[in-house]
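What follows is one structure encoded as structure tokens, with my remarks underneath.
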Amino acid sequence: MNLIDNYRLFLDKGKTERECIREIIGLAEKEGYRDIEKTENLKAGDKVYYVQYGKSIALFRVGEDKLENGMNILGAHIDSPRLDVKMNPIYESENVIYLDTHYYGGIKKYQWVTLPLAIHGTVVKKNGEKIEITIGEDDDMAFAISDILPHMAQEQMKKNASEFIPGEDLDLIIGLDQEEGEEKDKGKKKILSLLSSLYGIDEKDFQSAELEIVPQGKAKLMGFDKSMVLAYGQDDRVCAFTSLMAMLESENTKRTACCLLVDKEEIGSNGATGMDSVFFENASAELLSRVSGYDGLLLRRMMRNSYMLSSDVNAAFDPLNPSLYDKKNASVLGGGVVFNKYTGSRGKSGASDANAEFIATLRETMDSNNVKYQMSEMGKVDTGGGGTIAKYAAYYGMQVIDCGVAVLSMHSPWEITAISDIEAAKACYSAFLGIR
């Protein structure tokens, strides 16, 4: 299969962070990568990976140069906006059985109603047994969140879009009580009985579960000319996948190559699996200890001397809403991979602002490798903006810039990318890993 076919398959198999990590490990091991925890010594050419709680991963290919001279790092995130199931979620109201949810990341809540949805995730029982769940991806079965019919929505339609659907109303319909009798919560008990027979889980097991509500369906080619991809989770799995492919296909390089795929970016990169943690520092320390022996000063030099592409998507220019963009500084679908010198918002707040010298090196690399690229920012000043993982890498003093694929309808249940941009991103990341 070609790059795009494999990309669509990756999106279909990886709708959660855990699913992505399992798929990434499978692909990496086919190319000779090993779990770093099972190695003692590493040398040039060796390939290893380091996993954090099944939701973040760092892959390394040891280069010929000393590690203290730095790495070439491709960093992306594999979490996407969604709905998470609460800890005590199942309830029944007037014969309808619901799952209570809490939305994750920046969404327009009204986009998630009356849409076919599926449940993906992991349940961990008290004895440590893990149960992987995927429900609702079959063509003949799905879940949904209800909405008010237009005939009765006069008051709803007067509200601002942000208030149109309250967050507490994003509850998933999972069943219906149609049995006669006065017994309380008959429908809820029926659903719990089904879950017990199918998966061996009870109501309390939801307290130690990570279940995500995501759009049902497979990634699709879009347009009469099939020039685009329409799919859930392309922010940021389009950059994660192309970074991974560049990493797996890379040959022996002068500098050590790294592909860093992390969790929690959509909610601020916090937590043990986010970039605002010592996960990557720990992974790099484990690598250093196996190559030349751990040394705190060498680790600091290694991080400071590294180059990184914060492989994250950018907002594509929307011809139907041109007033939101500074057109001459906007990325367009089909314009090639996007370099974004700074992100942040309102005066570059929260940004990592890349150095001119590093950008010049990247321009030379892209031009010499015939990679199509564009320079952009995310929307007009005081209109757009956003955060990425770049600033957390810049904390170590390394050179870093945001670089990814332009996305139309970003953060919606179904996002749009151009196939030519996906191919350009892969070519860009491959060229970057070869920088000396």
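Every read-out reported here was derived from the displayed coordinates using simple, explicitly stated rules and does not represent laboratory data. Predicted, not measured: the structure shown is a model, and the values here were computed from it. Heads up, the Cβs are rebuilt from the backbone with ideal geometry, glycines too, and the neighbour counts pull from every protein chain shown.
In table form, for the structure just shown:
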read-out	value
Whole-angstrom gap from the range 126-161 to the range 36-56, using each part's C-alpha centre	39
For the range 82-215, projected area of the alpha-carbon convex hull averaged over all directions, nm²	9.5
Helix-derived mean residue ellipticity, 222 nm - over the chain, DSSP H n ≥ 4, -39500 (n - 2.57), to 500	-8000 deg cm²/dmol
Anchor K38: aspartates and glutamates whose Cα lies under 12 Å away (excluding residues fewer than 8 positions away in-chain)	E286
Rounded tilt (10° steps) of 3-13 against the dominant C-alpha axis of the chain	40
Among (1) 139, 54, 35; (2) 39, 27, 18; (3) 62, 30, 19, the entry that matches semi-axes √(5λ) of the Cα gyration tensor in Å as calculated here	(2)
Helix axis angle, 234-249 relative to the chain longest principal axis, alpha carbon, degrees	40
Relative contact order of the range 82-215, pairs being alpha-carbon contacts under 8 Å that are 6 or more residues apart, as %	41
The chain - percent relative contact order, Cα under 8 Å, separation 6 or more	22
Those lysines that a straight Cα-Cα span of less than 26 Å connects to K328, excepting residues fewer than 8 apart in one chain	K341, K348, K372, K380, K391, K426
Extension gain (nm, one decimal) between M375 and M141, 0.36 nm per residue minus Cα-Cα	79.9 nm
FRET efficiency for D65 and S349, using Cβ-Cβ distance with R0 set to 41 Å, rounded to 0.05	0.65
Cα-centred dipole magnitude for the chain, charges only on beta-carbon of K, R (+1) and D, E (-1), debye, nearest 20	1560
Over the range 305-436, relative contact order from alpha-carbon pairs under 8 Å, at least 6 apart, %	38
Efficiency of FRET from Cβ geometry, T361 and Q207, R₀ 56 Å, rounded to 0.05	0.65
With Cα atoms, 0 to 90° folded angle of helix 17-30 axis to the chain main axis	40
Residue with peak Gaussian network fluctuation, the chain [Cα springs, cutoff 10 Å], from S269, S277, S368	S368
Projected label distance in nm at S292 and K184, using a 7 Å step from Cα toward the beta-carbon	6.8
Proximal lysines relative to K43, as straight alpha-carbon distance under 18 Å, when same-chain residues fewer than 8 apart are discounted	K66, K254
Cα centroid separation - the range 375-423 against the range 165-217, whole Å	37
The range 1-68 - Rg over Rh from alpha carbon coordinates, Kirkwood radius	1.04
